[in-house]
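Novice: Before we start, here is the structure in question, set down as structure tokens.
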Amino acid sequence: MDSPTPASGNAEFPARRRTGGRSARVRAQVLEAVGALLVQGGYDGLTVDAVAERAGVHRTTVYRRWRDVGGLLADVLDAAADDDTWSPPDTGSLEEDLAAMNQEVYDALAADATLTTALIAASFRSPEAAAALGRFWADRYERCAAVVDRAVARGDLAAGTDARAVVVTATAPVYHELLLLRAAPDPA
């Protein structure tokens with residue numbers, strides 16, 4: 001009987017994913033192409049063939065790793081979350097922390113043709129993108145809990161305050177105005 005080798009992928013020697021080299025370069029090229037094409041033409045302008053062409057890779061490379069547009073969108077969102085070091089502002093005041101968060105949301109949504117708005121729109125058309133966006137939001141709400149925790153510690157809010165409800169209530173008007181109503185950006 002042959003002894004297991006590291007390449008066998010069994011429990012003793014789990015398969016390893018290479019994180020650098022050609023594979024990482026191809027992934028970066030493809031994800032950059034997805035973002036550019038999504039901003040440029042929206043979900044309908046995003047095809048595996050267009051991504052492959054823009055990224056300078058063969059279409060079978062894209063199909064093999066991502067299968068379809070939904071897989072591409074999910075990986076863009078997951079990659080953004082993986083590289084995200086964002087933390088909520090700490091101004092020393094709940095009101096100022098929430099205002100600073102709203103300013104960040106405003107800045108991300110008010111710019112012309114942003115990847116943020118394109119990804120949110122695409123998530124309504126792709127179950128994979130919707131799931132990835134859900135993971136992104138869950139992580140964001142978890143990070144934003146620090147704003148409420150600090151306010152509770154200062155005595156600004158009662159213990160047990162629902163952090164997610166506070167963050168949603170504070171940021172929803174900005175999302176509503178800019179994404180749903182497509183109102184002209186107004187920082188006030």
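The values are calculated or read from the model by the stated rules, or taken from the named source; none is laboratory data. Just so it is clear, the structure is predicted and the values come from calculations on it, not from any experiment. Note that we place each Cβ from the backbone using ideal geometry, even for glycine, and neighbour counts take in every protein chain shown. The accessibility values were calculated without ligands, DNA or RNA, using every heavy atom of the protein model including side chains. Shrake-Rupley method; radii C 1.70, N 1.55, O 1.52, S 1.80 Å.
Novice: Checking T117 against (1) closer than 23 Å to D44 by Cα; (2) open to solvent by 50 Å² or more (accessible area, probe 1.4 Å), which test does it fail?
Specialist: (2)
Novice: Considering only residues that are open to solvent by less than 60 Å² (accessible area, probe 1.4 Å) and not aliphatic (A, V, I, L, M), look in segment 14-26 and name the one that is modelled with the highest pLDDT. Talk me through it step by step, then tell me what you get.
Specialist: Taking segment 14-26 as the starting set, the residues that turn out to be open to solvent by less than 60 Å² (accessible area, probe 1.4 Å) are 20-21, 23-24, 26.
Right, trim to not aliphatic (A, V, I, L, M) and you get 20-21, 23.
Details: G20: 67, G21: 83, S23: 91.
Restricting to residues being open to solvent by less than 60 Å² (accessible area, probe 1.4 Å) and not aliphatic (A, V, I, L, M), the top hit is S23.
Novice: OK, next. Would you mention how many residues in segment 27-41 are open to solvent by 70 Å² or more (accessible area, probe 1.4 Å) and either within 15 Å of S126 (Cβ to Cβ) or more than 17 Å from the chain's Cα centre (by Cα) (or both)?
Specialist: Within segment 27-41, the first condition is being open to solvent by 70 Å² or more (accessible area, probe 1.4 Å), and the residues that meet it are 29, 32, 40.
Those still in the list that are either within 15 Å of S126 (Cβ to Cβ) or more than 17 Å from the chain's Cα centre (by Cα) (or both) too: 29, 40.
Total satisfying the criteria: 2.
Novice: Same structure again: Mind telling me which of the residues A130, A145 ends up being without any contact (Cβ under 8 Å) to a residue 24 or more places away in the chain, of a type in the set (G, A, S) and open to solvent by less than 40 Å² (accessible area, probe 1.4 Å)?
Specialist: On the way: A130 fails: open to solvent by less than 40 Å² (accessible area, probe 1.4 Å).
So the residue among A130, A145 that is without any contact (Cβ under 8 Å) to a residue 24 or more places away in the chain, of a type in the set (G, A, S) and open to solvent by less than 40 Å² (accessible area, probe 1.4 Å) is A145.
Novice: Filter segment 93-127 for residues that are under 17 Å from P173 (Cβ atoms) and in contact (Cβ under 8 Å) with a residue 60 or more places away in the chain and give the result.
Specialist: Scanning segment 93-127 gives L94, L98, M101, N102, Q103, V105, Y106, L109, A110, T117.
Novice: Restricting attention to segment 33-49, which residues are in a helix (DSSP H, G or I), of a type in the set (G, A, S) and over 21 Å from R64 (Cβ atoms)? Walk me through how you get there before you give the answer.
Specialist: From segment 33-49, those in a helix (DSSP H, G or I) are 33-41, 43-45, 48-49; that's our starting set.
Subset that is of a type in the set (G, A, S): 33, 35-36, 41, 45.
Of everything in segment 33-49, those that are in a helix (DSSP H, G or I), of a type in the set (G, A, S) and over 21 Å from R64 (Cβ atoms) turn out to be A36, G41, G45.
Novice: In addition: Go through segment 83-97 and give me each residue that's open to solvent by 30 Å² or more (accessible area, probe 1.4 Å), out of contact with any Lys or Arg (no Cβ under 9 Å at 6 or more places or on another chain) and modelled with pLDDT of 90 or more.
Specialist: T85, T91, E95, E96
Novice: Considering A159, A80, which residue is in a helix (DSSP H, G or I) and either open to solvent by 50 Å² or more (accessible area, probe 1.4 Å) or in contact (Cβ under 8 Å) with a residue 12 or more places away in the chain (or both)? Before the answer, list the steps.
Specialist: Working: A159 fails: in a helix (DSSP H, G or I).
When all the criteria are applied, what remains is A80.
Novice: Another question, if that's okay. Which residue out of D84, D90, D68 is acidic (D, E) and within 15 Å of L115 (Cβ to Cβ)?
Specialist: Step by step, each of D84, D90, D68 is checked, and only D84 is acidic (D, E) and within 15 Å of L115 (Cβ to Cβ).
Novice: Restricting to segment 42-77, name every residue that is open to solvent by less than 60 Å² (accessible area, probe 1.4 Å) and on the phi > 0 side of the Ramachandran plot.
Specialist: Within segment 42-77, G42 is the sole residue that qualifies.
Novice: Looking at (1) open to solvent by 80 Å² or more (accessible area, probe 1.4 Å); (2) modelled with pLDDT of 95 or more; (3) not basic (K, R), can you tell me which one D2 breaks?
Specialist: All conditions are met except number (2).
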